[in-house]
Amino acid sequence: MEMIKAENLSYEYIKVTETEKGTKEEKILALNHVNLSIEQGSFVAVLGHNGSGKSTFAKHINALVRPTEGVLWVNGYDTQNEELIWDIRQSAGMVFQNPDNQLVATVVEEDIAFGPENMGVPSEQIRKRVEDALNAVGMLEYKQHSPAKLSGGQKQRIAIAGVLAMKPKCIVFDEPTAMLDPVGRKDVMNTILQLNKEEGMTIVLITHYMDEAVKAEKVFVIDDGNMVLEGTPKEVFPQVETLKSYGLDVPQVTETAYELKKMGISISQDILTVEEMVGAICQLKSTI
Amino acid sequence: MSIKINHLTHIYNADTIFEKTALNDVNIEIQKGEFIGLIGHTGSGKSTLIQHLNGTISPTSGEILLDGENIHKDKTKLKEVRQRVGLAFQYPEHQLFEMTVYKDVAFGPTNMKLTEQEIDKRVKEALQTVGLSETVYDKSPFELSGGQKRRVAIAGVLAMNPEILILDEPTAGLDPKGRDEILYAIKQLHKQRGITIILVSHSMEDVAKLADRLIVMEKGHIAMTGTPKEVFARVRELEKIGLAAPQISYVITELKEKGYNLPEDIYTVEEAVKALYTLLKGEE
Amino acid sequence: MIRDITIGQYYPVNSPIHNMDARVKLIITFLFILTLFFINTFLGYVFVILCMSAVIKTSKVPLKFMLKGIKGILIIILFTAFINVFMTRGEHILFEWGIFTVTIEGILIAIKMCIRIVLLVVGSSILTLTTTPIQLTDGIEYILRPFKKIGVPAHEIAMMMTIALRFIPTLLDETDKIMKAQQARGADFDSGNLFQRAKSLIPILVPLFISSFRRADELAMAMEARCYHGDENRTRMNVMVLKSSDYKAVVILAIYCIALIILRFLAARFSFIW
């Protein structure tokens with residue numbers, strides 16, 4: 001079943017800039033007739049440089065922004081329908097970039113209760129949901145702590161728990177690791193992967209870190225509001241030159257394989273991890 | 001200008017229950033014109049260390065010598081120290097406040113009470129060094145893109161003509177394009193002006209490309225120091241302290257562990273391509 | 001260091017006072033402060049101090065923390081004492097110098113005023129030290145709820161307080177960082193006249209405002225994404241229920257008030273000024 005489906009999704013806004021000659025208005029097409037579908041339970045990554053429209057897309061899934069043209073269905077709900085807004089936000093939770101600016105309460109467990117409280121979940125069930133959510137992100141021992149004292153990675157896991165407590169079917173992550181250090185990034189990525197594998201949560205990960213995107217089942221690349229590439233990581237990443245032209249990186253191993261191929265070595269092009277690279281080199285050596 | 005740090009120790013909230021030793025007997029010497037990469041994860045003490053270098057915080061014990069002179073010997077000279085040792089904090093764009101890019105960059109030189117011509121010259125030079133053209137001079141800094149804002153903020157520090165420039169995580173939160181622009185600007189700066197640069201970063205790929213020497217910090221002391229080649233060859237040790245070498249170093253290390261004959265000191269894609277090519281083709 | 005300022009000075013231990021309902025504690029504290037203005041004899045104050053000592057003992061919070069608040073307002077206390085000592089007219093003149101007259105009555109009033117302020121501060125410290133900020137805001141929301149009909153936005157006030165408490169440490173850190181960053185660019189906050197000093201704050205305040213607006217914007221979006229839509233159909237994880245200990249506290253308060261009235265009556269009956 002499709003969790004998210006976009007048909008001809010476009011989003012246009014008017015940017016007003018102050019110049020010496022007065023105010024200037026220009027229309028900006030942040031998303032241009034985007035078509036895509038994301039299966040329930042899958043893990044997809046959306047790539048693109050800053051300002052490519054990937055964040056705008058993420059906000060559409062949560063009905064924080066509505067299409068100016070086309071349709072977006074989330075869990076079968078049309079986001080254009082004002083009455084469905086709370087159903088949409090319950091089905092698709094969202095975790096933002098800055099861990100500091102999405103926590104509301106001064107105590108961790110209170111913060112996680114915030115979503116269920118807004119949904120009107122009966123009090124006695126909220127506590128259970130909070131404990132389960134904290135358990136899922138491995139932060140149960142911190143439930144009485146103040147978020148101000150936690151590290152960036154821990155805050156981000158609290159934010160994830162806050163969304164989990166609303167029991168969504170899908171979570172959209174808008175560059176969740178951009179402001180974290182390597183340890184925090186690893187923890188958050190592990191949590192995301194675990195949610196996908198163990199809870200069957202649909203994951204939409206907006207990022208520009210390639211080492212995170214290679215873990216997805218499917219990758220979408222957005223550039224200037226257009227969906228320009230789509231496929232499995234093994235299909236997308238070998239297109240080294242194309243990706244670079246969109247201002248994106250490729251994993252170092254993929255780039256190395258690409259360069260070796262250019263030099264005439266018949267090495268497979270869909271190498272994404274260290275293990276695959278080591279394996280490929282060993283195989284080449286043994287066939288010689 | 002050379003920096004020498006002798007037995008530097010810093011304890012936060014000394015004699016309270018919150019007491020925390022951030023730096024423990026740190027000794028470093030940095031020569032004029034060096035490009036240093038300072039690595040360590042959050043809480044390793046690297047932020048505390050760089051704030052000591054320009055006198056924003058004072059040591060609990062130990063000393064910091066600039067050209068042989070203790071920076072805390074004469075408190076009235078601290079302002080001069082801060083001018084000579086420029087410090088661009090993490091997310092430096094958050095300190096922008098002026099109406100125009102030009103005025104914001106001029107803030108530092110104006111505080112130094114320079115002549116107007118000198119200020120003008122320095123502002124223009126600084127903005128040029130970071131790769132921003134005249135068209136942005138009169139724009140509000142808040143209209144610019146994330147990467148551009150950050151370059152304006154770095155220009156603001158540069159305009160004070162520091163002899164040493166410290167950059168704390170200058171690429172944090174930027175996309176690959178913004179990151180490459182900043183790194184290119186820093187590289188140019190080092191080349192053209194020959195000033196000493198200390199680059200604090202989590203990204204091994206970034207420091208691998210730029211630094212002459214790496215200092216690895218862990219739990220308030222210096223865990224390793226050496227050229228990138230020397231440091232990244234110790235992949236397994238880096239992992240133990242929660243850091244990672246560039247991805248490609250792992251490939252080389254694992255291949256070596258399998259008994260293949262490869263040079264140890266590879267940490268960029270170009271080097272790896274060359275080495276692997278010889279490995280595969282050499283025997284064909 | 002700016003971050004050393006503590007806000008929300010909750011002292012985390014488990015005590016009968018900590019476990020009391022925040023609403024009850026709020027109301028008791030309010031009534032307690034009112035009674036301070038009702039007492040007019042030293043005997044009365046001795047009684048209050050004894051009661052308060054018992055409460056502090058029960059709360060398990062070290063006395064040191066209770067008295068911390070006084071340090072901050074020491075100047076106010078001294079100023080009050082000074083005004084009362086010199087400005088009170090009375091019959092028993094001790095000392096006269098120019099327009100200043102020091103009388104026994106003046107000294108007595110000054111001492112009483114100081115005791116009052118100290119008790120007021122310590123009394124409210126008991127509340128803040130034994131109640132988490134979130135319990136406090138919840139309590140205020142409940143207490144204000146009846147006033148909603150006359151247009152008091154109880155939920156919104158409580159939400160604002162929660163968010164403010166949540167962001168105070170964040171913004172203090174940020175201020176510290178911006179100050180250091182501007183200092184690194186040669187900004188000087190410590191010298192010059194009042195006007196120059198005020199002007200030197202601009203490079204701190206502007207970035208701070210901008211970042212606060214950015215944070216507010218992002219937080220609003222994050223709250224919306226978590227289905228926030230005011231207090232309509234909103235439930236709470238912690239439901240406030242009065243326990244038997246809360247009723248006991250109310251009874252103790254009642255006894256305390258009656259004792260004060262009796263004391264006052266006796267003092268009037270025997271014209272007892274001590």
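I'd like to know if segment A:256-269 contains one or more residues that are in contact (Cβ under 8 Å) with a residue 40 or more places away in the chain and on the phi < 0 side of the Ramachandran plot. Outline the logic, then answer.
Quick first cut of segment A:256-269, residues in contact (Cβ under 8 Å) with a residue 40 or more places away in the chain only: none.
No, the conditions are met nowhere in segment A:256-269.
Residue pairs, Cβ under 6 Å, 6 or more apart or interchain, first in segment C:170-184 and at the interface with another protein chain (Cβ under 7 Å from one of its Cβ atoms), second part of a helix (DSSP H, G or I). List them.
Sorted first by the residue in segment C:170-184, then by its partner, the pairs are C:170/A:100; C:178/B:95; C:178/C:204; C:178/C:207; C:181/B:95; C:182/C:203; C:184/B:82.
Tell me, yes or no, whether segment A:138-159 has at least one residue that is more than 10 Å from every other protein chain (Cβ to nearest Cβ) and within 16 Å of the chain's Cα centre (by Cα). Before the answer, list the steps.
Within segment A:138-159, the first condition is being more than 10 Å from every other protein chain (Cβ to nearest Cβ), and the residues that meet it are A:138-143, A:145, A:150, A:154-158.
Restricting the remaining residues to those that are within 16 Å of the chain's Cα centre (by Cα) gives A:156-157.
Among the residues of segment A:138-159, at least one is more than 10 Å from every other protein chain (Cβ to nearest Cβ) and within 16 Å of the chain's Cα centre (by Cα), which makes the answer yes.
Away from chain B (no Cβ under 11 Å), in contact (Cβ under 8 Å) with a residue 60 or more places away in the chain and among the polar types (S, T, N, Q): is that true of residue C:137 in this structure?
Numbers: away from chain B (no Cβ under 11 Å): yes; in contact (Cβ under 8 Å) with a residue 60 or more places away in the chain: no; among the polar types (S, T, N, Q): yes.
The answer is no for residue C:137.
Show me the strands (runs of 3 or more DSSP E) found entirely inside segment A:1-68 where at least 1 residues are among the polar types (S, T, N, Q), surrounded by fewer than 20 Cβ atoms within 10 Å (Cβ to Cβ) and at pLDDT below 95. Can you show your working first?
Details: elements: A:2-19, A:22-39, A:43-47.
Passing ranges, in order: A:2-19, A:22-39.
So which residues in segment A:223-233 are surrounded by 20 or more Cβ atoms within 10 Å (Cβ to Cβ) and in a loop (DSSP other than H, G, I, E, B)?
Listed by number, the list holds a single entry, A:225.
Give, as residue ranges, the helices (runs of 4 or more DSSP H) completely inside segment B:188-284 that count at least 2 residues that are acidic (Asp, Glu) and either closer than 18 Å to residue A:256 by Cα or away from chain A (no Cβ under 14 Å) (or both).
Numbers: elements: B:204-210, B:228-232, B:235-240, B:247-257, B:269-281.
Of the helices (runs of 4 or more DSSP H) lying wholly inside segment B:188-284, those with at least 2 residues that are acidic (Asp, Glu) and either closer than 18 Å to residue A:256 by Cα or away from chain A (no Cβ under 14 Å) (or both) span B:204-210, B:269-281.
Look through segment A:112-130, keep the residues that are at the interface with chain C (Cβ under 7 Å from one of its Cβ atoms) and polar (S, T, N, Q), and return whichever of them is surrounded by the most Cβ atoms within 10 Å (Cβ to Cβ).
Filtering first and then ranking leaves A:118.
Taking residue C:261, is it in the same structural domain as residue C:34 (by TED's automatic domain parsing) and not aromatic (Phe, Trp, Tyr)?
Details: in the same structural domain as residue C:34 (by TED's automatic domain parsing): yes; not aromatic (Phe, Trp, Tyr): yes.
When the stated conditions are applied, residue C:261 passes them.
Since residue A:114 meets every condition but one in (1) within 22 Å of residue A:207 (Cβ to Cβ); (2) in a helix (DSSP H, G or I), which condition does it not meet?
(1)
So which residues in segment B:18-52 are closer than 28 Å to residue B:189 by Cα, without any contact (Cβ under 8 Å) to a residue 24 or more places away in the chain and assigned to a strand (DSSP E or B), if there are any at all?
Correct list: empty.
Go through (1) surrounded by fewer than 23 Cβ atoms within 10 Å (Cβ to Cβ); (2) in a loop (DSSP other than H, G, I, E, B); (3) not hydroxyl-bearing (Ser, Thr, Tyr) one by one and return the number of the condition residue A:271 breaks.
That leaves (1) as the condition not met.
Taking the residues in segment C:212-244 that are among the small types (Gly, Ala, Ser) and farther than 14 Å from residue A:86 by Cβ as candidates, determine which candidate is nearest to the other protein chains (Cβ to nearest Cβ). Working first, answer last.
Of the residues in segment C:212-244, the ones among the small types (Gly, Ala, Ser) are C:212, C:216, C:220, C:222, C:225, C:230, C:244.
Checking which are farther than 14 Å from residue A:86 by Cβ leaves us with C:212, C:216, C:220, C:222, C:244.
On the way: C:212: 10, C:216: 9, C:220: 10, C:222: 4, C:244: 21 Å.
Per the criteria, the residue is C:222.
Does any residue in segment B:59-88 that is within 10 Å of chain C (Cβ to nearest Cβ) come within less than 6 Å, Cβ to Cβ, of a residue that is in a helix (DSSP H, G or I) six or more places away or on a different chain, and which pairs are these?
Filtered contacts from segment B:59-88: B:82/C:184; B:85/B:53; B:86/B:157; B:87/C:184; B:88/B:154; B:88/B:157.
Just need a number here: residues in segment A:196-219 that are in contact (Cβ under 8 Å) with a residue 24 or more places away in the chain and part of a helix (DSSP H, G or I). Reasoning before the result, please.
In the first step, residues of segment A:196-219 are kept if they are in contact (Cβ under 8 Å) with a residue 24 or more places away in the chain; the result is A:196, A:199-219.
Among the residues that remain, those that are also part of a helix (DSSP H, G or I) are: A:196, A:199, A:210-213.
Counting residues in segment A:196-219 that are in contact (Cβ under 8 Å) with a residue 24 or more places away in the chain and part of a helix (DSSP H, G or I) gives 6.
Scan segment A:142-162 and tell me whether some residue there is within 17 Å of residue A:3 (Cα to Cα) and in contact (Cβ under 8 Å) with a residue 24 or more places away in the chain. Full working, then the answer.
Of all residues in segment A:142-162, those within 17 Å of residue A:3 (Cα to Cα) come to none.
Checked against the condition, which is being within 17 Å of residue A:3 (Cα to Cα) and in contact (Cβ under 8 Å) with a residue 24 or more places away in the chain, segment A:142-162 yields no hits at all.
Scan C:86, C:38, C:47 and give me the residue that is among the aromatic types (Phe, Trp, Tyr), surrounded by 15 or more Cβ atoms within 10 Å (Cβ to Cβ) and in contact with a Leu (Cβ under 7 Å, 6 or more places away or on another chain). Spell out the reasoning first.
On the way: C:86 fails: in contact with a Leu (Cβ under 7 Å, 6 or more places away or on another chain); C:38 fails: surrounded by 15 or more Cβ atoms within 10 Å (Cβ to Cβ).
C:47 is the lone residue from the list that is among the aromatic types (Phe, Trp, Tyr), surrounded by 15 or more Cβ atoms within 10 Å (Cβ to Cβ) and in contact with a Leu (Cβ under 7 Å, 6 or more places away or on another chain).
Let's see how each residue does on (1) of a type outside the set (Ser, Thr, Tyr); (2) not in a helix (DSSP H, G or I):
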| residue | (1), (2) |
| --- | --- |
| A:194 | yes, no |
| A:221 | yes, yes |
| A:235 | yes, no |
| A:242 | no, no |
| A:249 | yes, yes |
| A:255 | yes, no |
| A:260 | yes, no |
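Select from segment A:168-192 the residues that are under 19 Å from residue A:38 (Cα atoms) and either part of a helix (DSSP H, G or I) or within 14 Å of another protein chain (Cβ to nearest Cβ) (or both) and list them in ascending order. Give the derivation first.
Of the residues in segment A:168-192, the ones under 19 Å from residue A:38 (Cα atoms) are A:168-175, A:192.
Scanning segment A:168-192 gives A:168, A:170, A:171, A:172, A:173, A:174, A:175, A:192.
Looking only at segment C:138-186, how many residues end up being among the aliphatic types (A, V, I, L, M), buried (at least 18 other Cβ atoms within 10 Å of the Cβ) and within 30 Å of residue B:159 (Cβ to Cβ)?
Going through segment C:138-186 one residue at a time, the tally reaches 4.
When only residues in segment C:187-211 that are more than 11 Å from every other protein chain (Cβ to nearest Cβ) and surrounded by 13 or more Cβ atoms within 10 Å (Cβ to Cβ) count, which is modelled with the lowest pLDDT?
C:189
Rundown of residues vs (1) surrounded by fewer than 23 Cβ atoms within 10 Å (Cβ to Cβ); (2) under 22 Å from residue C:201 (Cβ atoms), yes/no style:
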site	(1), (2)
B:58	yes, no
B:64	no, no
B:68	yes, no
B:83	yes, yes
B:91	yes, yes
B:103	yes, yes
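Out of everything in segment A:248-266 that is buried (at least 20 other Cβ atoms within 10 Å of the Cβ) and at the interface with chain B (Cβ under 8 Å from one of its Cβ atoms), what residue ends up being farthest from residue B:251 (Cα to Cα)?
Applying the filter and picking the extreme gives A:248.
Considering each of C:60, C:71, C:25 in turn, give the residue that is exposed (fewer than 14 other Cβ atoms within 10 Å of the Cβ) and under 20 Å from the mean Cα position of the chain (by Cα).
Numbers: C:60 fails: exposed (fewer than 14 other Cβ atoms within 10 Å of the Cβ); C:25 fails: exposed (fewer than 14 other Cβ atoms within 10 Å of the Cβ).
Only one candidate qualifies: C:71.
Only one residue in B:104, B:138 is farther than 16 Å from residue B:193 by Cβ, within 10 Å of another protein chain (Cβ to nearest Cβ) and not in a helix (DSSP H, G or I), so which one is that? Don't jump to the end; show me each part of the working.
Numbers: B:104 fails: not in a helix (DSSP H, G or I).
After applying the criteria, what remains is B:138.
Taking the condition assigned to a loop (DSSP other than H, G, I, E, B) and of a type in the set (Ser, Thr, Tyr), does residue B:171 pass? Steps first, answer last, please.
Numbers: assigned to a loop (DSSP other than H, G, I, E, B): yes; of a type in the set (Ser, Thr, Tyr): yes.
Yes, satisfied.
The values are calculated or read from the model by the stated rules, or taken from the named source; none is laboratory data. Since the structure is predicted, the reported quantities are computational estimates derived from the model, not experimental observations. Glycine also receives a Cβ, built like all others from the backbone with ideal geometry; neighbour counts cover every protein chain displayed.
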